[in-house]
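In what follows, a structure is listed as structure tokens, so that the remarks can point back to it.
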Amino acid sequence: MANDDNVDHLRTVLRLSNILKTTPNLKSISIIQHDEPLILEGQHLAMSKKTFKQLGLFSRQTFLKFIKKESSPSRDSTLDELSTVLIVLNPDDNKYWNYRKRLCQKCSKNQTDKLFLELKLSSCSLKLKPKCAEPFIHARWLLTNYKEIVSEQTIISQLKMCEDSAEHYKHNYYSWIHRLWLVKTFFNTKLLEKELEWSKGWVESHISQFCGMNYRFNLLLISSDHQNPDLNVQKCQKFVDEVSYVVDLVLFYPGTESLWCYLGLLLYYCSANQIECEESALFRVRAIDNRFSRRFQKRNFNPEIA
């Protein structure tokens, strides 16, 4: 009976591995209460709770058993399928990622299909657990070692992976760190300008989250680092424009703490670097600040009620 169960589990492993490797742009992986082990509808994959638990245990035990065996085509193929499943079911455990790295090192660095597959699996592993460091670490390792064959489309897909994981989990600093690394590592003016425009839309639609604002500030710092020293005025103008932009947002959302924090960061940077902001923007900030101060002063604080 136990052997029959193992055969069934192995079949499920092979099927899941095939789905992960061959389904283009898998959008979601869900754990549901259902009799069917795996359900694939379009770009959405669902796995039963029972299968999730049993497959995780079976895959771990089988992986540890096979990793001790001598290398052979059968052993290597099985470990490939098991590690594919395990980085999705248990993405926090780096031993499965390390095995994937060893598989990559056996291949030529000109194999773009291998790079795309590994990046795709990294993206899939974030569907169940979007706030996880290992998939991003693996992706950076791949992009560093295969840098010669990294295309513009690869960078775009990585940026989309970051956006999806940040959308699914608030304050996902692993995602923002990876996104910033991409801009710094594959820097070009076109990419930077696109990211500045994209981040503006993100900030406006996630007004209470400081992550996007901090990302924009780092983009401005990158821009100034790559600026021609003779164009210091242009560098200063970007920060002046950012202050005016954030002041406009504060006028719309005066009670949003993240905006005030970002505005304070910008004003501190401008002051430390002797960048003069527009007087009209500073006047509007003082007007908002005074209005809030008067509102709090009018409140009667009764310690007995508090």
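The values are calculated or read from the model by the stated rules, or taken from the named source; none is laboratory data. This is a predicted model, so every value here is computed, not measured. Cβ sites come from the backbone with ideal geometry, for glycine too, and all protein chains shown count toward neighbours. Just the protein is used for accessible areas: all its heavy atoms, side chains included, with ligands, DNA and RNA removed. Shrake-Rupley method; radii C 1.70, N 1.55, O 1.52, S 1.80 Å.
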Region 48-107: trypsin sites (Lys or Arg not before Pro) in DSSP loop, at most 11 other beta carbons within 10 Å:
LYS68, LYS106
Quick one: how many Å² of THR62 are accessible to a 1.4 Å probe, rounded to 10?
20
Roughly how many percent of the accessible protein surface of the chain is carbon and sulfur, given a 1.4 Å probe and a whole-percent answer?
52
Once TRP97, TRP198, TRP176 are ranked on solvent-accessible area with the largest value leading and a 1.4 Å probe, the list reads TRP198, TRP176, TRP97
In the chain, what percentage of the DSSP-assigned beta bridges are antiparallel, given to the nearest 5?
45
Only one of the listed values, [x] 19.6, 64; [y] 24.0, 78; [z] 25.0, 80, was derived from the coordinates as Rg and Dmax of the Cα atoms in Å; which label is it?
[z]
Would you calculate the separation in nanometres between label points at ARG286 and LYS27, each defined as 7 Å from the Cα along the Cα-to-beta-carbon direction?
5.2
With every protein chain kept in the model, how would you rank THR185, THR23 by accessible area, 1.4 Å probe, largest at the top?
THR185, THR23
Candidates PHE63, PHE136, PHE283: whichever shows maximal mean-square fluctuation once the chain is modelled as a Gaussian network with Cα springs under 10 Å:
PHE283
Mind checking region 248-290 for GluC sites (Glu not before Pro) that DSSP puts in a loop (not H, G, I, E or B) and that have at most 11 other Cβ atoms within 10 Å?
GLU276
Rolling a 1.4 angstrom probe over the protein chains, ignoring ligands and nucleic acids, what is the accessible area of LEU196 in square angstrom, nearest 10?
20
Rounded to the nearest 500, the 222 nm mean residue ellipticity computed for the chain from DSSP H runs (n ≥ 4, each -39500 (n - 2.57)) alone is -24000 deg cm²/dmol
Pop a pseudo-label 7 angstrom from the Cα along the beta-carbon direction at both SER205 and LEU221 and give the gap in nm to one decimal.
2.6
Quick one: if you stick a label point 7 Å off each Cα along the C-beta vector at ASP113 and SER72, how many nm between them?
2.6
Just to be sure I understand: with springs between alpha-carbon atoms less than 10 Å apart, which residue in SER165, SER108, SER223 has the highest mean-square fluctuation in the Gaussian network model of the chain?
SER108
Taking Cα pairs closer than 8 Å and at least 6 residues apart, the relative contact order of the chain in percent is 10
Region 84-220 - percent relative contact order, Cα under 8 Å, separation 6 or more
20
Compute the long axis of helix 173-185 from its Cα atoms, compare it with the longest principal axis of the Cα atoms of the chain, and write down the angle in degrees, 0 to 90, nearest 10.
80
Among GLY201, GLY56, GLY212, which one shows the biggest mean-square fluctuation in a GNM of the chain, springs joining Cα atoms closer than 10 Å?
GLY201
List the GluC sites (Glu not before Pro) within region 51-142 that fall in a DSSP loop (any state other than H, G, I, E or B) and whose Cβ has at most 15 other Cβ atoms within 10 Å.
GLU70
Of the DSSP beta bridges with both residues in region 23-65, give the percent that are antiparallel, rounding to the nearest 5.
45
Can you give me the solvent accessible area of LEU64 with a 1.4 Å probe, rounded to the nearest 10 Å²?
80
Cross-link list LYS21/LYS49; LYS50/LYS109; LYS65/LYS114: which exceed 28 angstrom alpha carbon to alpha carbon?
LYS50/LYS109
If you wrap a convex hull around the alpha carbons of region 1-141, what volume per residue comes out, as a whole number of Å³?
109
Under a 1.4 Å probe, what is the accessible area of the chain per residue, stated in Å²?
56
Of ASP76, ASP35, ASP92, which has the most accessible area and how do the rest follow, probe 1.4 Å?
ASP35, ASP92, ASP76
